[in-house]
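Quick notes on the structure that follows.
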Amino acid sequence: MINLTLPDGQIKQYNKPVTGEFVAEDIGSGLAKAALAIKVDGLMKDLSFIIEKDCNLSIVTAKDDDALDLLRHDAAHVMAQAVQELFPETQVTIGPSIENGYYYDFAREKPFSTDDFDAIEEKMMSIVDRDLKFIREVWSRDRAIKFFNDKGEVYKAELIEAIPMNEDVTIYKQGEWTDLCRGPHLPSTGKLGKNFKLMKLAGAYWRGDSNNEMLQRIYGTAWADKKQLKNYLTMLEEAEKRDHRRLGREMDLFHIQEEAPGAAFWHPKGWKLYRTVQDYIRKKLEIAGYHEVNTPQLVNKSLWEDSGHWDKFREAMFVTETEDKSLAIKPMNCPCHVQIFRQGTKSYRDLPLRMAEFGSCHRNEPSGSLHGLMRVRAFTQDDAHIFCTEDQITEETKNFCDLLMSVYKDFGFEEIIIKFSDRPEMRAGSNDTWDKAEQALTDAVDAAGYKYDLNPGEGAFYGPKLEFVLRDAIGRDWQCGTLQVDFVLPERLDAVYIGEDGKKHRPVMLHRAILGSFERFIGILIENYSGRFPFWLAPLQIIVATITDEVIPYAEKVLSQLKFQGLAASADFRNEKINYKIREHSAAKVPIIMVLGLREAEEETVAMRRLGGKNQEILALTSAIAKLKSESEFP
RNA sequence: GCCGUUGUAACUCAGUUGGCAGAGUAUCUGAUUCGUAAUCAGAAAGUCGGAGGUUCGAUUCCUCUCAACGGCACCA
């Protein structure tokens, strides 16, 4: 007797093995029609899967999120079949579902072109129309390897050889087309529907290894219905409109040019924004007990050799030779901070010592990785190092997490994910040290009461780290903050303090940043707010716009009073219609336009119009200024 | 760094099958003094990313190179 527990708690009993399809039919013909797959003890299986023992069973229909995953995986298969029907000389490799869609990597001598997309999509449609059944078969390894080798599919054969001996080699057929695949799949290609679209073409290394040959990847998106597809495409358009590179130019914030790849030229408004962010952080750090320092840009390579960075990162360091010395432009600040720590004798009474620097760093990032402000070669971190005892790690971690959360909240980010990255393969320090560091960080983050996901093997070479990921207004994730526990660098650079016992001890270093780099964080802010910054952040807060030349004297007075209060105000006294001015400054996303005409001049008032608002607010000049002044305070 | 694509006025883009380089927006000048998202008229604006080559002639064809874009890889 086989007992199947359904999601509602109901138990179905059968006296012999049954397929998912059979159970669905047994529950109801409507469900049978909608059924796409089943979940056996939480694992997705084909509808045709034969259930042989007791389990929790649920029937997956188009309503389930999981179904979307299957659908995308099917789309990858259908695309691969379409490509091979059109271009028989193409070899297939792998094609998984991913967020919002899927891709498939192909090997073919002649590159695909986006001009091929129409033909491929059309062929995919026809495969959907053929409504081919996905048929699962288990083959012997030898048979599978021979089959694919005979077809000239050497990549597939290589994949099969890599499958562990104890695992089945499963093959899926759709009509005449055969692929190695773990599955599961929808019942047939017809279930895929036609709500897919090929998106982009890209190179991708075989098995993700840059030593291997490069394959051609085609990305597609696929959805359960037309509306979802349309929403997704609209969202992409939205994202493009708020691209920080585009807004940076349109709003005159910064530019990047050929002569300085990976480095920003900050324009007055962009630099004002930058300074506002920096002033805000500086204030937060001061309150939190940090001491700001500043350290040299050029540091002899010997320091980087001692710290271990030279070994691992010398390729990415800019080095200059002078008088037989090799000086490296600093790629990070920690070794310099240790030098400050080492000046004079430190006592346990000095700990925890929180040393902060708006550290300007340069890294020779690979040319292909540069991306607007998000990935640059010249950047400034909101960096700090906390020198403390092992006992203080927990408290310092908690304080830091709290500080970081409050900062993110002030910038309008509510949803934060924490990742815990443990020891990487390439690392400094003994396993004992790593055990200790990982344990200390685990204890600290647990004690601080924050939840986290494990991110195995992604730690820094000198210690484990917490990574803080924030989600922006349109649902994209950005990793910004970090906290790293480091027992290695104090040892390598010989940092010591005198303990209560009068003996020398090693401090622990906590490397931490909240924003990460100002450049990148500002890029994220631009995109998150779509350029419509909250009043306190806006680099240009107020435009004073006149209706006729007659009121210029009054407008001058308003402007100077605003400026006197430290508000970022600017004048528009041009001989233009008020409609024209409002249109222009609204498009420039200035939060407030003050319209001044004869009436306002006479009554000492201002007509205030807020960005996005339809109505104006008439206020006495003095109260308008007081109100705006308080709105422009840091949150 | 690797694969693919792109580079024409400040911006967005058209164009030249090798023969004087085009539009809209922005800019400048003049007129207009106007009450909440585009007033009218005129002018100026380009080493067609850079360097070589082929050609009577190259922005167009070829080679090299730089940068950007989309991915991959990398990211202390």
Shape of chain A, Cα gyration tensor, a/c cut at 1.5: oblate
If you count only protein heavy atoms with a 1.4 Å probe, what accessible area per residue comes out for the stretch A:2-61, rounded to a whole Å²? 55
Result for the stretch A:68-237: accessible area per residue, probe 1.4 angstrom, in square angstrom, of 50
Among A:PHE265, A:LEU298, A:LEU253, which residue has its Cα positioned farthest towards the positive end of the charge dipole of the stretch A:250-317, with +1 placed on the Cβ of Lys and Arg, -1 on the Cβ of Asp and Glu, and the dipole taken about the Cα centre? A:LEU253
On each of the three principal axes the extent of the alpha-carbon atoms of the stretch A:504-617, given in whole Å and largest first, is 75, 29, 22
Among GluC sites (Glu not before Pro) in the stretch A:273-375, those in a DSSP loop whose Cβ has at most 14 other Cβ atoms within 10 Å are A:GLU323
Which whole-Hz couplings ³J(HN,Hα) result when phi for each residue of the stretch A:333-346 is put into the Karplus expression 6.51 cos²θ - 1.76 cosθ + 1.60, θ = phi - 60°, listed in order with x for Gly and Pro? 10, 4, x, 5, 5, 4, 4, 5, 4, 6, 6, x, 8, 9
Tell me which residues come under 5 Å, amide H to amide H, from A:THR605 once H is placed; ignore anything under 5 positions away on its chain. A:LEU621
Once both axes come from the Cα atoms, what is the angle between helix A:268-287 and the longest principal axis of chain A, in degrees from 0 to 90, rounded to 10? 90
About the Cα centre of chain A, how large is the charge dipole given +1 on each Lys and Arg Cβ and -1 on each Asp and Glu Cβ? Please answer in debye to the nearest 20. 1140
If you count only protein heavy atoms and use a 1.4 Å probe, how large is the accessible surface of A:MET317, to the nearest 10 Å²? 10
With every protein chain in place, the stretch A:249-529: carbon and sulfur % of accessible area (1.4 Å): 46
Near A:ASP46, within a Cβ-to-Cβ distance under 14 Å, what is the net charge of the other residues, with Lys and Arg +1 and Asp and Glu -1? +1
Convert each backbone phi in the stretch A:571-587 into a coupling constant with the Karplus relation 6.51 cos²θ - 1.76 cosθ + 1.60 (shift: θ = phi - 60°), then list the ³J(HN,Hα) values in order as whole Hz, x for Gly and Pro. 9, 10, 9, 5, 7, 9, 5, 5, 4, 4, 5, 5, 4, 5, 6, 5, 5
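Determine one quarter of the surface area of the Cα convex hull of the stretch A:2-61, which equals its mean projected area, and express it in nm² to one decimal.
3.4
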As I understand it, the dipole of chain A uses +1 on the Cβ of Lys and Arg and -1 on the Cβ of Asp and Glu, about the Cα centre. Which of A:THR19, A:SER29, A:VAL558 lies farthest toward its positive end? A:VAL558
Among A:PRO88, A:LEU567, A:LEU180, whose Cα lies farthest out toward the positive end of the dipole of chain A, if unit charges sit on the beta carbon of Lys, Arg (+1) and Asp, Glu (-1)? A:LEU567
What are the semi-axes of the equivalent ellipsoid for the stretch A:68-237, taken as the square roots of 5 times the Cα gyration tensor eigenvalues, largest first, in whole Å? 25, 19, 15
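Could you calculate the FRET efficiency of A:THR322 with A:LYS133 from 1/(1 + (r/R0)^6), where r is the beta carbon distance between them and R0 is 56 Å, rounded to 0.05?
0.20
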Per-residue accessible area for A:ASP115 at 1.4 Å probe radius, Å² rounded to 10? 130
Under the rule of at least 5 residues apart or a separate chain, name every residue whose amide H is placed under 5 Å from the amide H of A:VAL544. A:SER570, A:ALA571, A:ASP572, A:MET594
If I compute solvent accessible area with a 1.4 Å probe over the protein chains, what percent of it on the stretch A:542-631 is carbon and sulfur? 51
Per residue, the convex hull enclosing the Cα atoms of the stretch A:194-290 spans a volume in Å³ of 243
In Å², what does the accessible area per residue of the stretch A:249-529 work out to with a 1.4 Å probe? 46
Calculated from backbone phi, Karplus (6.51, -1.76, 1.60) coupling profile of the stretch A:611-618 in Hz, x at Gly/Pro: 4, x, x, 9, 9, 9, 10, 9
If you roll a 1.4 angstrom probe over the protein chains with everything in place, what fraction of the accessible area of the stretch A:2-61 belongs to carbon and sulfur, to the nearest %? 51
Once amide H atoms are placed 1.01 Å from N in the peptide plane, what residues at a sequence separation of 5 or more from A:ILE98, or on another chain, have their amide H within under 5 Å of its amide H? A:TYR103
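The values are calculated or read from the model by the stated rules, or taken from the named source; none is laboratory data. Just so it is clear, the model here is predicted, and its values are computed rather than measured. Glycine also receives a Cβ, built like all others from the backbone with ideal geometry; neighbour counts cover every protein chain displayed. When the accessible area is computed, the model is the full protein with side chains, heavy atoms only, and any ligands, DNA or RNA have been set aside. Shrake-Rupley method; radii C 1.70, N 1.55, O 1.52, S 1.80 Å.
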